[in-house]
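The block underneath contains the structure these notes are about, expressed in structure tokens.
Since every read-out is calculated from the coordinates, none of them should be taken as a lab result. No experiment lies behind these values; they were computed from the predicted model shown. Cβ sites come from the backbone with ideal geometry, for glycine too, and all protein chains shown count toward neighbours.
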Amino acid sequence: MSVLHHWSELHAQKLEWANRAYARFVESIDPELMQYISTGQDEVMVVLYGETQVGKTTLLLKLMSLRDDSSEEVSLVLRGGQSSGKSATSMPMRYRVSDNNSWYLIINGKKSKSFSNQEMLNALKKLRHDVEHGNCSFEQAKPIELQIPAQYFDVENKNHLRVTILDLPG
């Protein structure tokens, strides 16, 4: 077998080991957590946790293939009115790329109407206020899903892998 053929074969199987490991991991978790775990072969779940203000949100957007020219606009919305230097994540959030060019929040399994940038910024600001003042109308232990408009991502890339990020407040 030639070296080129060997490398070609390894490249073709590059994610097979990861898929097997992930399948074993999923089999071992508590059934209650299964609803938060991706079981699709074309999607990856990443969980971020760490100190506040270390760049978790910036990292998660990079992992999701956010286009460089969209970074400032998306970050502004995700901050929900919080000034730089203050934590933007008020509770566990699951981030996904939207199927269209609108923002959505999914709280307690209910999907919001489509939001513009300003409407989403306002919704996240209100969510932070409600969490900080104990006015929550949702189960705080369950992550809220935030879908970011597809227009901000490099989703046309054929090698694009759908990434779902669970961001835990520091």
With label points set 7 Å from each Cα along the Cα-to-Cβ direction at residue 154 and residue 142, the distance between them in nm comes to 3.6
With labels modelled as points extended 7 Å from the Cα through the Cβ direction, what inter-label distance (nm, one decimal) is found for residue 116 paired with residue 54? 3.8
When you count, for each residue, the other Cβ atoms within 10 Å and take the mean per peptide, how do 67-75, 102-110, 122-130 rank with the highest first? 122-130, 102-110, 67-75
Find how much the distance from residue 108 to residue 28 grows on full extension, using 0.36 nm per residue of separation minus their present alpha carbon separation; answer in nm with one decimal. 26.3 nm
